[in-house]
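As structure tokens, the structure follows; a few thoughts come after it.
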Amino acid sequence: MFARFGRAIVLNPWKVIAVWLVLLVGSFFAPSLADQVSTDQASFLPSSYESVQAQQLAERAFGQGDGATATIVVKRVDGQPLGVADTDRVGQLAQTLQGAGIDRVGTAVTGPQAVSPNKLVQLVNIALTGSPADPALGDAVVSIRDRTQSTLDGSGLSYAVTGDVALLVDNQDAFDTALLVVSIVTLALVVGLLLLIYRSPVAAFLPVVVVGVVSAVSSAVITLFVKAFGMQVDQSLLTILTVVLYGVGTDYIVFLLFRYRERLRAGDASKDALATAVSRVGEVIASAAAAIVIAFGALLLAVFGGFRSLGPGLAIGVVVMAIAAVTLVPAIVSLIGPKVFWPSKSWQRTPRGSVFQRLGGFTGRRPAVVALAAGGVMVVLALGVFGLKVDYDQVAQLPANTESARALNDLKAGFPAGALNPTTVYVRADNGQRLDPAVLGGFAQSLTQVPGVGSLMPGPDGSPATISSDGTIAQINLLLDTSPYSTAALELAGDDLRQVAHDRAPAGTTALVGGVSSVFADIRHANNRDLWVIFPVAGVLIAVILGLLLRSLVAPVYLMIAVGLGFMATLGATVLAFQGIGGRSGLSFSLPIILYLFVVAIGTDYNILMIARLREEARAGNDPRTAAALAIQHAGPSVAAAGLILAGTFTSMLFAGVSFLTEMGFAVSVGIVLSAFIMSLLLVPGVTALLGHTAWWPGHGDATRVDPSAPPTSASEAESEAAPAH
């Protein structure tokens with residue numbers, strides 16, 4: 001099928017390019033993907049979770065979502081305790097903000113209760129109307145910051161605005177900056193590495209052009225998809241999609257160009273060489289893309305919407321990129337011909353004595369040594385997994401110079417860590433009767449006795465519970481002893497405090513625990529569930545793809561074992577780097593599942609390319625060890641080049657300035673290096689050589705075949721690729 005398809009593409013390049021141009025122009029009229037982004041993690045949870053029910057109750061009773069607040073942290077510039085004049089000035093600030101007519105700003109409250117015991121910090125708590133993810137609230141925070149600056153100017157007081165909405169604003173700004181930085185660095189790395197590999201500006205900029213077209217088209221398709229199904233998009237999708245398209249797209253282009261160059265060196269005419277390259281690499285790209293799509297598609301099984309929203313977007317991007325790799329790229333190369341490698345002349349000669357020849361020869365002679373050494377490296381790195389700790393702190397991922405982060409540091413000078421994000425308990429009358437303030441006061445005091453709860457935060461009128469206008473719902477704010485994002489806070493809000501609140505709720509009422517600690521306790525529960533569901537489902541489905549490709553039951557098993565080991569080694573190395581050397585308290589909660597999907601999918605890419613070449617060399621009549629030697633010699637350079645480029649693109653995330661993206665960039669880069677250089681180049685050929693014909697059981701994938709329409713692939717004619725520098 002790919003033979004006829006490849007020849008049709010090569011012979012009709014202008015028609016193919018015209019179709020892509022139409023798609024590109026059409027994408028300019030599609031809605032923007034950025035407009036579909038949600039930054040509110042709670043919005044990704046199902047309504048069955050208690051924190052979501054509490055938020056819905058807050059919106060119904062008080063006209064605001066749970067956590068829709070802004071807090072101004074004020075202190076003296078000289079670090080001295082606040083005086084009477086200072087507190088009066090802060091009181092005037094609250095009155096100014098409340099009367100400023102800022103959209104979505106309700107009450108602005110301060111007073112003696114908002115001054116820290118040591119007099120170093122005073123808070124202004126501002127009630128905002130709407131969900132924290134509402135863009136209008138972000139605009140309100142910007143207005144609050146501007147008005148606060150003008151009001152306190154020259155007063156000797158410094159300020160910083162924080163709170164859930166302010167954190168979301170700064171978080172979005174950090175991700176926007178990260179997207180710009182990652183895009184620039186990724187582009188520079190891709191072009192630089194391709195120049196190093198091909199020594200040709202044409203080959204170096206080809207992926208840039210193709211990925212630019214695919215990025216516009218795929219973004220339009222993703223936007224139409226999420227709008228059609230009413231889905232939300234996590235803010236990290238835009239950054240991750242950019243890196244995925246550059247990385248995976250460059251991989252596929254490298255696969256094609258290496259095979260094209262191989263056939264040119266074997267003496268084929270340009271169009272014949274390109275058609276053969278599409279024929280041989282098309283199946284690999286299709287299978288590799290299918291593996292990635294399945295891996296990303298498995299995210300649709302997630303309960304947590306943040307994961308579920310990533311799946312379709314990334315899968316659509318990979319599908320569009322795969323289609324472009326076997327249509328648009330061959331069409332462009334068909335028009336350019338061998339000049340795609342200009343000005344380098346290396347495509348005209350076959351290098352001899354390359355590192356991949358030597359590596360292949362050694363693997364063919366000592367497959368057990370190679371397999372044990374490669375497996376041993378990954379096992380040692382995998383031991384780091386036993387030290388894994390998961391971190392749900394969304395504040396810690398922000399750059400330290402953001403206003404929200406600065407406010408948190410100022411806050412700690414005078415208040416407990418939980419003062420920023422109170423854990424809120426809502427009490428609802430079951431039969432519509434009015435709640436008794438005295439009973440609510442006793443209930444609120446009983447909650448402060450739960451270990452880990454620091455104190456009660458009075459309402460605007462000084463009472464322990466704020467009651468809704470109809471008297472049927474009450475809000476009680478509790479300050480925890482620890483950071484609201486800490487493991488202890490999550491365990492408290494998601495377990496002990498909930499149990500006590502449920503058990504001690506006044507008769508005829510129902511108590512629900514909300515607030516950021518409760519939200520992330522539910523996210524942690526959803527995350528753990530998703531890990532246990534998505535991991536095995538993705539693994540089994542990818543194994544099915546491999547089984548269909550190879551017509552074998554044995555090869556997919558050890559290939560997936562190798563990929564699983566690669567995942568464990570990657571995660572272990574990341575734990576050692578960030579928790580061990582870096583001293584971090586833990587890794588981002590979403591890293592393991594995203595890392596698993598990337599390492600499994602992309603690692604399978606390289607495995608598919610290598611195992612397909614192993615099968616091809618076996619079909620050419622070579623014994624298992626010779627086939628392994630030739631497969632490394634021929635496919636090794638493209639695997640190494642693709643791995644180097646893809647690892648380089650993810651390395652760009654190290655410059656993002658966002659903790660999660662930094663962790664992801666490091667982890668995925670390490671995972672790709674292990675997948676390409678350890679697993680695919682060493683472990684898989686070594687194990688396949690040891691198993692021999694058994695690797696292809698129960699089929700006969702290694703049976704000698706003669707394809708009269710295909711050019712010969714013997715060692716004398718096939719490319720003996722040099723290192724990527726060639």
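Looking at the range 278-336, which of the residues that are within 29 Å of V202 (Cβ to Cβ) and of a type in the set (D, E, K, R) is farthest from the chain's Cα centre (by Cα)?
If we take residues in the range 278-336 being within 29 Å of V202 (Cβ to Cβ) and of a type in the set (D, E, K, R), then R280 is farthest from the chain's Cα centre (by Cα).
With respect to T87, is the statement that it is at pLDDT below 85, under 21 Å from D461 (Cβ atoms) and assigned by TED's automatic domain parsing to the domain that holds D153 true? Talk me through it step by step, then tell me what you get.
On the way: at pLDDT below 85: no; under 21 Å from D461 (Cβ atoms): yes; assigned by TED's automatic domain parsing to the domain that holds D153: yes.
No: the conditions fail for T87.
Pull up the range 204-241, narrow it to residues that are among the small types (G, A, S) and modelled with pLDDT under 85, then point me to the one that is nearest to K339 (Cα to Cα). First the steps, then the outcome.
Step one: of the range 204-241, the residues among the small types (G, A, S) are 204, 212, 215-216, 218-220, 228, 230, 236.
Okay, now just the ones that are also modelled with pLDDT under 85, so 204, 228, 230, 236.
Working: A204: 12, A228: 44, G230: 47, S236: 38 Å.
Residue satisfying both the conditions and the ranking: A204.
For the range 188-232, which residues satisfy the criterion of being in contact (Cβ under 8 Å) with a residue 24 or more places away in the chain and on the phi > 0 side of the Ramachandran plot?
The one that is in contact (Cβ under 8 Å) with a residue 24 or more places away in the chain and on the phi > 0 side of the Ramachandran plot: R199.
Please enumerate the residues belonging to the range 603-656 that are under 19 Å from the mean Cα position of the chain (by Cα), in a helix (DSSP H, G or I) and more than 29 Å from T694 (Cβ to Cβ).
Answer for the range 603-656, where residues must be under 19 Å from the mean Cα position of the chain (by Cα), in a helix (DSSP H, G or I) and more than 29 Å from T694 (Cβ to Cβ): I645, L646, A647, G648, T649, F650, T651, S652, M653, L654, F655.
Failed condition for G508, given (1) at negative phi; (2) touching an Asp or Glu at 6+ places or on another chain (Cβ under 6 Å); (3) of a type outside the set (F, W, Y), with all others met?
(1)
Name the one entry in F443, F415 that is in contact (Cβ under 8 Å) with a residue 40 or more places away in the chain, of a type in the set (F, W, Y) and over 26 Å from L168 (Cβ atoms). Break it down stepwise before answering.
Numbers: F415 fails: over 26 Å from L168 (Cβ atoms).
Only one candidate passes the filter, namely F443.
Given the criterion over 23 Å from Q56 (Cβ atoms) and not aromatic (F, W, Y), identify the matching residue among L497, L576, L512. Show your work before the answer.
Details: L497 fails: over 23 Å from Q56 (Cβ atoms); L512 fails: over 23 Å from Q56 (Cβ atoms).
From the options L497, L576, L512, the qualifying one is L576.
Answer yes or no as to whether A114 is surrounded by 20 or more Cβ atoms within 10 Å (Cβ to Cβ) and of a type in the set (A, V, I, L, M). Give the derivation first.
Details: surrounded by 20 or more Cβ atoms within 10 Å (Cβ to Cβ): yes; of a type in the set (A, V, I, L, M): yes.
Answer is yes for this residue.
Go through the range 154-208 and give me each residue that's of a type in the set (D, E, K, R), surrounded by 20 or more Cβ atoms within 10 Å (Cβ to Cβ) and either touching a Gly at 6+ places or on another chain (Cβ under 6 Å) or farther than 30 Å from Q122 by Cα (or both).
Just the residues of the range 154-208 that are of a type in the set (D, E, K, R), to begin with: 164, 170, 173, 176, 199.
With the extra rule that they be surrounded by 20 or more Cβ atoms within 10 Å (Cβ to Cβ), the set shrinks to 164, 170.
Residue satisfying the conditions is D164 alone.
If S404 meets every condition in (1) modelled with pLDDT of 90 or more; (2) not assigned by TED's automatic domain parsing to the domain that holds G508 apart from one, which number is that one?
(1)
Given the residues G508, G414, G515, which is the only one that is out of contact with any Lys or Arg (no Cβ under 6 Å at 6 or more places or on another chain) and loosely packed, with under 14 Cβ neighbours inside 10 Å? So that I can check it myself, show each step before the final result.
Values: G414 fails: loosely packed, with under 14 Cβ neighbours inside 10 Å; G515 fails: loosely packed, with under 14 Cβ neighbours inside 10 Å.
Testing whether each residue is out of contact with any Lys or Arg (no Cβ under 6 Å at 6 or more places or on another chain) and loosely packed, with under 14 Cβ neighbours inside 10 Å leaves just G508.
Mind listing just one residue for me: the one in the range 105-150 that is modelled with pLDDT of 90 or more and hydroxyl-bearing (S, T, Y) and, of those, nearest to D173 (Cα to Cα)?
So the residue we want is S143.
Looking at A511, A577, which is the one that is modelled with pLDDT of 90 or more, over 30 Å from A474 (Cβ atoms) and among the aliphatic types (A, V, I, L, M)? Explain how you work it out, then say what you get.
On the way: A511 fails: over 30 Å from A474 (Cβ atoms).
Within the list A511, A577, the selection yields A577.
Of R619, R551, R625, R584, which residue is within 20 Å of R259 (Cα to Cα) and in the same structural domain as R366 (by TED's automatic domain parsing)?
Values: R551 fails: within 20 Å of R259 (Cα to Cα); R625 fails: within 20 Å of R259 (Cα to Cα); R584 fails: within 20 Å of R259 (Cα to Cα).
One residue alone meets the criteria, R619.
Out of everything in the range 489-522 that is without any contact (Cβ under 8 Å) to a residue 60 or more places away in the chain and of a type in the set (D, E, K, R), what residue ends up being farthest from T162 (Cα to Cα)?
D503
Go through the residues of the range 286-307 one by one and say whether even a single one is part of a helix (DSSP H, G or I) and more than 25 Å from L591 (Cα to Cα). Working first, answer last.
Step one: of the range 286-307, the residues part of a helix (DSSP H, G or I) are 286-301, 305-307.
Next cut, more than 25 Å from L591 (Cα to Cα) only: 286-287.
Yes, there is a match, as at least one residue in the range 286-307 is part of a helix (DSSP H, G or I) and more than 25 Å from L591 (Cα to Cα).
Go through the range 266-279 residue by residue and tally those that are assigned to a helix (DSSP H, G or I) and surrounded by fewer than 20 Cβ atoms within 10 Å (Cβ to Cβ). I'd like the intermediate steps shown before the answer.
Initial filter on the range 266-279 (assigned to a helix (DSSP H, G or I)): 270-279.
The next check asks that each one be surrounded by fewer than 20 Cβ atoms within 10 Å (Cβ to Cβ); those that pass are 270-272.
Final tally of qualifying residues: 3.
Report whether or not Q55 is at pLDDT below 85, surrounded by 22 or more Cβ atoms within 10 Å (Cβ to Cβ) and in a helix (DSSP H, G or I). Break it down into steps so the answer makes sense when it comes.
Numbers: at pLDDT below 85: yes; surrounded by 22 or more Cβ atoms within 10 Å (Cβ to Cβ): yes; in a helix (DSSP H, G or I): yes.
For Q55, the condition - at pLDDT below 85, surrounded by 22 or more Cβ atoms within 10 Å (Cβ to Cβ) and in a helix (DSSP H, G or I) - is met.
Do you know which of the residues in the range 650-680 that are of a type in the set (S, T, N, Q) and touching a residue at least 40 places away in the same chain (Cβ under 8 Å) is farthest from L359 (Cα to Cα)? Before you say what the answer is, go through the steps one by one.
Looking only at the range 650-680, we keep the residues that are of a type in the set (S, T, N, Q), and these are 651-652, 659, 662, 669, 675, 680.
Subset that is touching a residue at least 40 places away in the same chain (Cβ under 8 Å): 651-652, 659, 675, 680.
Values: T651: 27, S652: 30, S659: 38, S675: 17, S680: 13 Å.
Of everything passing the filter in the range 650-680, S659 is farthest from L359 (Cα to Cα).
Being over 27 Å from F655 (Cα atoms), β-branched (V, I, T) and at pLDDT 80 or above: is that true of V278 here?
Details: over 27 Å from F655 (Cα atoms): yes; β-branched (V, I, T): yes; at pLDDT 80 or above: yes.
Spelling it out, V278 is indeed over 27 Å from F655 (Cα atoms), β-branched (V, I, T) and at pLDDT 80 or above.
The values are calculated or read from the model by the stated rules, or taken from the named source; none is laboratory data. Since we're looking at a predicted model, the values are computed, not measured. Positions of Cβ are generated from backbone atoms using ideal geometry, with glycine treated the same way; all protein chains shown enter the neighbour counts.
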